[in-house]
Amino acid sequence: MQEQDLNPIVERLRAQHSDDEFIEVKASAQQLSRDIWESVSAFANTAGGLILLGLDESSGFGPAKGFAIDKVLDQFVTGMGDGDPDGARVAQPPAYHLHRFAFEGSPVLAVEIEELEADKKPCYIVGRGLVGGSYKRVDDKDIRLSPTEIYSLANFLKPSRADRQPVEAATEGDLSSKLVNSLLDHEKDSRALRGAKTRDAKMTRLGITNEKGDVCLAGLLACGSYPQQFFPKLVVDVAAHPGAQKSDPAAPARFLDRVICEGPVGEAIEDAFRAIAKNLRTHSVVRGVGRVDELEIPEEVLREALVNAVVHREYGEYFIGQAVSVDIYPDRVEITNPGGLWGGKTLENISDGISACRNAALMKLMSLMPLPGGSGVSAEGNGSGVPLMKSAMASRALAEPQFIAGFDSFKVILARGGVGVAEGEWRSSEVAYYVVSHEQARQPRWSREEWRQRILAVLDPDKPQGIREIAEALGRQPENTRSYVKVLVEEGAVLATASPTSKNRKYLLASQPFATGHSKLSDQVE
């Protein structure tokens, strides 16, 4: 940060009359504010940020009277554990940078807090402990992390063994002989069962049971007769809502339909798919000499989203009492699973085709387990799912799937049909009606230089924007927009607020962006 950057920042704070997601102001006139460590923790656990000491928010972000910058600086450095580890106020302290500036004739101390690396989170206040002293940044507030969020952060890169743990009280009699036999028959000539002579040995090889013969969670979920006997909330809860939100006060009923999908994973996924499908419209199209019905959301997209939600969800002790939820609204379907992204996956790299599986044992079983009705297997595990979902939605002129990653949850939002739909008959379980054909509003093709100029025009040097915000302002898809913004960051015309792996990465216009001329963007293939 440079001194010339301070004035625009303060002007923005004065205009919005508050701190924001990336800036926290503390007067700290004679001594360091006690609550500064909440902001340090929050910025370190989220996307980093800037703390300005010596400004007073209550006086319109003017200089704090009598600001003792040297004293405050020493207190901050000591509290970060530098020089005197015994005086550290935070555990897992982030990297930081101190800057002394003059503002309106008075000193200001600017502290840049970097986001912690994934394997170091969470940063927390020592005196309050891990659970009571861990924070995240939400708008201009420092919010205490929940136990599930702390668990997710602490285990973001750690291999999970939750699906390999034995299930207390479960026995081989709680497994479905039909499912186990089907799986063993499917793998009878595989290397996995080479040398395994007995049924018990084969079940252990595949991860259904452990070496002691105990039923593992993955085995119970994949092959159990009724896993919910032991874990009642390990279900898929499908609900159709009449309004645009849950419990809409203007809606005539709380639910139009609700189905709790139980049983082993394969059956639960199939039941959930059917429960969703009956609440969606179907479009009749002519192919060749025949007429076929298609769901308004492609079937392969729904199945992929359901499989991902069940197989990649968190099965740790903090999450075992949570269900996968599916909410069907008039304009969209939302599928939410417990547990955030894992294994280094972020919204930035979720489409890179590289698979990171939290539940390796369950994934292995579900990649072998035939689905009910013989429609293939439940999971592939090769990283192709998200690209498939995007291409399938685009093929129907539907909006690209939205992915929302929280610390302890993950949601995919799928838009329902209505744009670019060919003339035809639409049906649902409740009503049949007719949609008049209309062409999708075709967007003009932009040259590479047009992309460049439009992105630069949308961005602001003081207001960070995410990829989706930029894409919405341009009227384009986030995936296309991301590739052009990335190149502008590389050449220095655009600044990123966080590392490429951060879930909260946003972008600012550089103070002196290149306006015209040849750039890396000119070499990109559109």
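What the table below lists for this structure:
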quantity: Segment 389-403 - residue that is of a type in the set (A, V, I, L, M, F, W, C), within 19 Å of L347 (Cβ to Cβ) and outside any strand (DSSP E or B) and, of those, farthest from the chain's Cα centre (by Cα); calculated: A394
quantity: Positions within segment 192-224 being among the β-branched types (V, I, T) and more than 21 Å from V311 (Cα to Cα), in sequence order; calculated: T198
quantity: Unmet criterion (only one of (1) at pLDDT below 85; (2) among the polar types (S, T, N, Q); (3) touching a Leu at 6+ places or on another chain (Cβ under 7 Å)) for T497; calculated: (1)
quantity: Subset of segment 25-50 [in contact (Cβ under 8 Å) with a residue 40 or more places away in the chain, over 25 Å from D119 (Cβ atoms) and touching a helix residue (DSSP H, G or I) at 6+ places or on another chain (Cβ under 6 Å)]; calculated: S28, L32
quantity: Residue within segment 92-106 that is more than 27 Å from G343 (Cα to Cα), out of contact with any helix residue (DSSP H, G or I) (no Cβ under 9 Å at 6 or more places or on another chain), among the aliphatic types (A, V, I, L, M) and assigned by TED's automatic domain parsing to the domain that holds N7 present; calculated: no
quantity: Long-range neighbours under 6 Å by Cβ, at least six apart or interchain, first residue assigned by TED's automatic domain parsing to the domain that holds Y507 and within 18 Å of I23 (Cβ to Cβ) within segment 456-481, second among the charged types (D, E, K, R) and modelled with pLDDT of 85 or more; calculated: D462/R12; P464/K506; Q465/K506; G466/K506
quantity: Residue that is surrounded by the most Cβ atoms within 10 Å (Cβ to Cβ) [pool: residues in segment 80-114 that are over 30 Å from G60 (Cβ atoms) and more than 30 Å from the chain's Cα centre (by Cα)]; calculated: G81
quantity: In segment 182-208, the residues that are free of Cβ contacts under 8 Å to residues at least 40 places away in the same chain and under 29 Å from G321 (Cβ atoms); calculated: M203, T204
quantity: Filter result for R205 (charged (D, E, K, R), in contact with a strand residue (DSSP E or B) (Cβ under 9 Å, 6 or more places away or on another chain) and surrounded by 15 or more Cβ atoms within 10 Å (Cβ to Cβ)); calculated: no
quantity: Yes/no for R468 being touching a Leu at 6+ places or on another chain (Cβ under 9 Å) and either at pLDDT 65 or above or among the aromatic types (F, W, Y) (or both); calculated: no
quantity: Single match in V307, V301, V259, V311 (criterion: closer than 13 Å to V235 by Cβ and not aromatic (F, W, Y)); calculated: V259
quantity: Verdict on A309 being in contact (Cβ under 8 Å) with a residue 12 or more places away in the chain and surrounded by fewer than 18 Cβ atoms within 10 Å (Cβ to Cβ); calculated: no
quantity: Some residue of segment 182-189 being crowded, with 20+ Cβ neighbours inside 10 Å and either within 30 Å of D86 (Cα to Cα) or at pLDDT 95 or above (or both); calculated: no
quantity: Condition broken by S177, with the remaining ones in (1) assigned by TED's automatic domain parsing to the domain that holds A268; (2) among the polar types (S, T, N, Q); (3) over 34 Å from the mean Cα position of the chain (by Cα) satisfied; calculated: (1)
quantity: Segment 451-501: number of residues that are part of a loop (DSSP other than H, G, I, E, B) and within 22 Å of K390 (Cα to Cα); calculated: 6
quantity: Filtered residues of segment 142-154 (kept if within 30 Å of N210 (Cα to Cα), surrounded by fewer than 19 Cβ atoms within 10 Å (Cβ to Cβ) and either in contact (Cβ under 8 Å) with a residue 60 or more places away in the chain or in contact with a strand residue (DSSP E or B) (Cβ under 6 Å, 6 or more places away or on another chain) (or both)); calculated: P147
quantity: Qualifying residue in segment 234-251 (condition: at pLDDT 95 or above, over 26 Å from the mean Cα position of the chain (by Cα) and farther than 16 Å from K364 by Cβ); calculated: no
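Condition check ((1) under 16 Å from I143 (Cα atoms); (2) in a strand (DSSP E or B); (3) not charged (D, E, K, R)) across all residues:
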{"residue": "I9", "(1), (2), (3)": "no, no, yes"}
{"residue": "A15", "(1), (2), (3)": "no, no, yes"}
{"residue": "R34", "(1), (2), (3)": "yes, no, no"}
{"residue": "S39", "(1), (2), (3)": "yes, no, yes"}
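The values are calculated or read from the model by the stated rules, or taken from the named source; none is laboratory data. Predicted model, so just to flag it, every value in this text is computed and none were measured. We place every Cβ from the backbone using ideal geometry, glycine too, and count neighbours over all the protein chains shown.
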